[in-house]
Each structure stands twice: as structure tokens, then as C-alpha cells.
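The values are calculated or read from the model by the stated rules, or taken from the named source; none is laboratory data. Keep in mind that what you see is a predicted model, and the values were worked out from it rather than measured. Cβ placement follows ideal geometry from the backbone for every residue including glycine, while neighbour counts extend to all protein chains displayed. The protein model used for the area step is the full one, side chains on, heavy atoms only, and it has no ligands, DNA or RNA in it. Shrake-Rupley method; radii C 1.70, N 1.55, O 1.52, S 1.80 Å.
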Amino acid sequence: MKIVVDWDRCEANGVCMNVAPEAFNLDEKDTLHVLTENVPPELRAKVEKAVRDCPRQALSLSND
């Protein structure tokens with residue numbers, strides 16, 4: 001399972017980072033960084049919550 005970011009929608013507001021800091025980070029320029037391309041099983045629930053909680057619906061998961 002991979003994290004997919006729609007960069008046209010992402011506002012880097014940090015909701016995903018607050019939910020799953022192991023998978024997302026914001027730098028000092030408020031740019032979002034995905035820390036793990038392939039989601040390990042132990043982070044799956046947190047990442048799924050981050051996807052659901054994204055206010056701009058900029059995150060999704062892919063089985064590719």
C-alpha cells in the first residue's frame with residue numbers, strides 16, 4: 001500500500017502529520033514530505049485515519 005498525494009489539493013495544514021507523524025512531516029517552509037512511500041502494516045491504521053481526516057482530501061492510498 002502506497003501513500004498518494006494530490007499536490008494540487010494539498011495545503012500542508014499538518015493534519016496528516018498530527019495523526020501519523022511516522023509517515024508525514026512538514027518542513028520549515030510548510031512543505032509536506034511523505035516519510036514512507038510503502039505503508040508498513042503497523043502504520044496502516046494511522047495512515048488510513050490521516051487520509052480520512054485530510055480536510056482537502058489530498059491523500060489517498062494505492063495498492064500498487
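Odds and ends about this structure:
- Residue ID - least open to solvent (accessible area, probe 1.4 Å), chosen from residues in the range 23-40 that are more than 19 Å from Ser62 (Cβ to Cβ) and in a loop (DSSP other than H, G, I, E, B): Asp27
- Hits in the range 9-21 (condition: open to solvent by 70 Å² or more (accessible area, probe 1.4 Å) and either in contact with a strand residue (DSSP E or B) (Cβ under 6 Å, 6 or more places away or on another chain) or closer than 18 Å to Ser62 by Cα (or both)): Arg9
- Test result for Asp53, over 12 Å from Cys10 (Cα atoms) and under 11 Å from the mean Cα position of the chain (by Cα): yes
- Close contacts from the range 29-50, counting a first residue that is modelled with pLDDT under 95 and a second that is of a type in the set (Asp, Glu) and surrounded by 10 or more Cβ atoms within 10 Å (Cβ to Cβ), with Cβ to Cβ under 8 Å and a gap of 6+ residues or different chains, come to Thr36/Glu22.
- Within the range 15-26, residues that are in contact (Cβ under 8 Å) with a residue 12 or more places away in the chain have Cβ atoms under 8 Å from residues that are assigned to a loop (DSSP other than H, G, I, E, B) and surrounded by fewer than 16 Cβ atoms within 10 Å (Cβ to Cβ) in these pairs: Val15/Pro55; Glu22/Leu35; Glu22/Thr36; Ala23/Leu35; Ala23/Thr36; Phe24/Leu35; Leu26/Gly14, counting only partners at least 6 apart in sequence or on another chain.
- Single condition Leu43 does not satisfy, out of (1) under 13 Å from Met1 (Cβ atoms); (2) open to solvent by 60 Å² or more (accessible area, probe 1.4 Å): (2)
- Filtering the range 51-64 to residues that are touching a residue at least 40 places away in the same chain (Cβ under 8 Å) and of a type in the set (Lys, Arg) leaves only Arg56.
- Restricted to the range 46-64, and to residues there that are in contact with a Lys or Arg (Cβ under 8 Å, 6 or more places away or on another chain) and either of a type in the set (Val, Ile, Thr) or within 12 Å of Val5 (Cα to Cα) (or both), the residue that is surrounded by the most Cβ atoms within 10 Å (Cβ to Cβ) is Ala58.
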